[in-house]
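The values are calculated or read from the model by the stated rules, or taken from the named source; none is laboratory data. On a predicted model such as this, the values are computed, not experimentally measured, just so you know. Here the Cβ positions follow ideal geometry from the backbone for every residue, glycine too, while neighbour counts run over all protein chains shown. These accessible areas exclude ligands, DNA and RNA; they are computed on the full protein's heavy atoms, side chains included. Shrake-Rupley method; radii C 1.70, N 1.55, O 1.52, S 1.80 Å.
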Amino acid sequence: MDTPDLLPMSRRHLLILGVVTAATAVLPPFISARASAVNSSRPITTSLSLWVNDQQYELDLDTRTTLLDALREHLHLTGSKKGCDHGQCGACTVIANGRRINSCLTLAVMHQGSKITTIEGLGTPDQLHPMQAAFIRHDGYQCGYCTPGQICSAVAVLGEIRQGIPSHASPSLTEPPQLIAGEIQERMSGNICRCGAYSNIIEAISEVAGVNA
Amino acid sequence: MRPFTYLRAQSPAEAATLAAQVSGARFIAGGSNLLDLMKLEIETPAYLIDVNDVGLDRIEAAQDGGVRIGALVRNTDLAAHPRIRKDYALLARALLAGASGQLRNVATTAGNLLQRTRCPYFYDPNQACNKRQPGSGCAAIAGFSRQLGLIGVSDACIATHPSDMAVAMRALDAQVETIKPDGSTRTFPLSELHRLPGNSPNIENSLAPNELITAVTLPRPLGGTHIYQKVRDRSSYAFALVSVAAIVQKDGRGCIALGGIAPKPWRVERAETEMPNGAKAVVGQLLDGATPTHDNAFKLLLVERTLAAVLAQAREQA
């Protein structure tokens, strides 16, 4: 006869990441005292593996490490940039499991097992991604700081339009969105360029998309 | 950011139970608002319970002809879902009017509902804020309050709820499903989720400690013309000064909810009986009792004009 599992949660399903040496008060028996952060000001580290640009990395990180800081400070992939660090500028945009995200607003530890693509994984100086080549051709930047984020975002934008994901600029929700400059402009609003290279950025993306800007 | 222990739960019940068994836990899903607040040490959880593995990521047909949206459905996926685009266009439009493509890719249904205000005085630890530090006062009321609220607010707080999605869901009569640490579940109207500030603006919703939102349900489609009109300082990626979510039927009746002006999605059902009489008549009831500041009094007229434009557009489309 099956005995109902009276434990509130199953031990095997609970992953505890984080180790700290702090004595603690009340904790469920399956959480070791060492794993508690209560009243602790000490860093809590965790081991994780990240898949970045088709390469696996093993890391020991402070749980507070954002994906952006893991990429830049620990993997030395400094293409992704820290602009505002608050999800407002888009300079940190990377592609995680096929979707563009702000890497500054997500923790590295939340990406165990996800596949991350940064600007370094899109192209190389010898073999540019078509979007990189178009940005150069159209002068889609001045200082270049926002450019890696712009390019990662742009590559994902074209994928989103192809997948039929609508935007605020789509006149119809029932028809597939069109590959037009107005759509690209709206979808790129999460990437700020303080040099103001916007018109050239739209031209570069439009060229890759095969549309007249 | 303060140190925290990171835990991953595998089911909604496990997440709620776990949160209750430690002190100072927060659920994290997309994290785009919570992590931002943690960097500023406005949120200082000792535990983060990651709920991304608990399921709840599906949009399903409900037995009453409506739809059940899992708490973890991303804003992008919700706006792109064929059923939502066809039957609940108001919701798709509201989602697409909010945030950026990057943020919509991570932001979840429940996280969007529970996001905190973007009042600049809440975000600045050097300013008095009763929401962030109860009893410290409200620097916003005599400060730059152009973006802030004018109805449902109090002498303690004039912060607004920033969501577009929630405004559409309120107009659509959404219900919220939750699970508590003891395993019990409940369903209640979205109108009862967000709390008005009164004297305790730090208490923002009616959830019990460690209660986890599992889904949002929408009743069977209402038909009619769906319009979400958002007015903001730039044409994309900005919070609303004012937004109007409206469903207008052929006979001119319907329902209306407002965003950008109150601590919760603002809807007054009796005001909707005035819809055939035009925007001014509706707004007279909808914003009855408003207490705008000098800086945001313009929103009274902006709401009326935006609603008039929405009603005119609905007549054209009918």
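Return the subset of A:82/B:264; A:81/A:115; B:39/B:299; B:86/B:299 for which the Cα-Cα distance in this structure is over 22 Å, preserving the input order.
Working: A:82/B:264 33 Å; A:81/A:115 19 Å; B:39/B:299 32 Å; B:86/B:299 31 Å.
As for pairs spanning more than 22 Å Cα to Cα, those are A:82/B:264; B:39/B:299; B:86/B:299.
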Ranking by accessible area, most exposed first, for B:60, B:192 with a 1.4 Å probe: B:192, B:60
The ratio Rg/Rh over the Cα atoms of region B:225-317, Rh being the Kirkwood inverse mean 1/r radius, stands at 0.95
Column: log10 I(q)/I(0), Debye, Cα scatterers of region B:5-52, q = 0.13, 0.16, 0.21 Å⁻¹: -0.26, -0.39, -0.66
Probe 1.4 Å, all chains present, heavy atoms only: residue A:82 accessible area in Å², nearest 10, is 70 Å²
Mind ranking A:138, A:168 by accessible surface for me, highest first, 1.4 Å probe? A:168, A:138
How much accessible area does residue A:192 have with a 1.4 Å probe, in Å² rounded to the nearest 10? 60 Å²
Check: C-alpha center region B:213-283 vs C-alpha center region B:63-95, spacing in Å is 17 Å
Determine the shielding of peptide A:90-103 by partner chains: average, over its residues, the number of Cβ atoms on other chains within 10 angstrom of each Cβ. 3
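Dipole of region B:225-317, Cα-centred, from +1 at each Lys and Arg C-beta and -1 at each Asp and Glu C-beta, to the nearest 20 debye? Let's see the in-between values first.
Details: 12 positive and 9 negative charges, 39 e Å.
In total the dipole reaches around 180 debye.
Tell me whether region B:1-120 comes out rounded, prolate or oblate; compute the Cα gyration tensor, take square roots of the eigenvalues as a ≥ b ≥ c, and use a/c under 1.5 as the rounded threshold. Intermediate results must be reported in sequence, preceding the final value.
On the way: a/c = 2.79, a/b = 1.48, b/c = 1.89.
Taking the square roots of the gyration eigenvalues as a ≥ b ≥ c, region B:1-120 is oblate.
Across peptide B:46-55, what mean number of C-beta atoms from other chains lies inside 10 Å of a residue's C-beta? Numbers along the way, then the final one.
Working: counts 7, 6, 8, 0, 6, 0, 1, 2, 0, 0.
Per residue, the number of nearby Cβ atoms from other chains is 3 on average.
Using only alpha carbon positions, build the gyration tensor of the protein assembly as shown, then give the equivalent ellipsoid semi-axes as the square roots of 5 times its eigenvalues, largest first, whole angstrom.
On the way: eigenvalues 245, 198, 105 Å².
They are 35, 31, 23 Å, listed largest first.
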Estimate the FRET efficiency between residue B:249 and residue A:162 by the formula 1/(1 + (r/R0)^6), using the beta-carbon distance for r and 35 Å for R0, to the nearest 0.05. 0.45
Evaluated at 25 °C with a viscosity of 0.890 mPa s, what Stokes-Einstein diffusion coefficient in µm²/s does region B:206-257 have when Rh comes from the Kirkwood expression over alpha-carbon pairs? 174 µm²/s
Exposure of residue A:155 as accessible area (Å², to 10), given a probe of 1.4 Å and all protein chains: 40 Å²
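In what sequence, largest accessible area first, do A:61, A:77 appear using a 1.4 Å probe?
A:77, A:61
Counting each DSSP H run of 4 or more residues in the protein assembly as shown as -39500 (n - 2.57), what helix-only mean residue ellipticity at 222 nm follows after dividing by all residues, to the nearest 500 deg cm²/dmol? It would help to have the intermediate numbers written out before the result.
Numbers: 16 runs with 134 residues, N = 531.
Result for the protein assembly as shown: -7000 deg cm²/dmol, rounded to the nearest 500.
Between residue B:192 and residue A:114, what FRET efficiency comes out of the Förster formula 1/(1 + (r/R0)^6) with R0 = 41 Å and r the beta carbon distance, rounded to 0.05? Could the numbers behind the result be given before it?
Values: r = 36 Å, r/R0 = 0.88.
So the FRET efficiency works out to roughly 0.70.
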Other chains' Cβ within 10 Å of A:110-116 residues: what's the mean? 2
May I ask which residue of A:86, A:110, A:57 lies farthest towards the positive end of the charge dipole of region A:45-121, with charges of +1 (Lys, Arg) and -1 (Asp, Glu) on Cβ and the Cα centre as origin? A:86
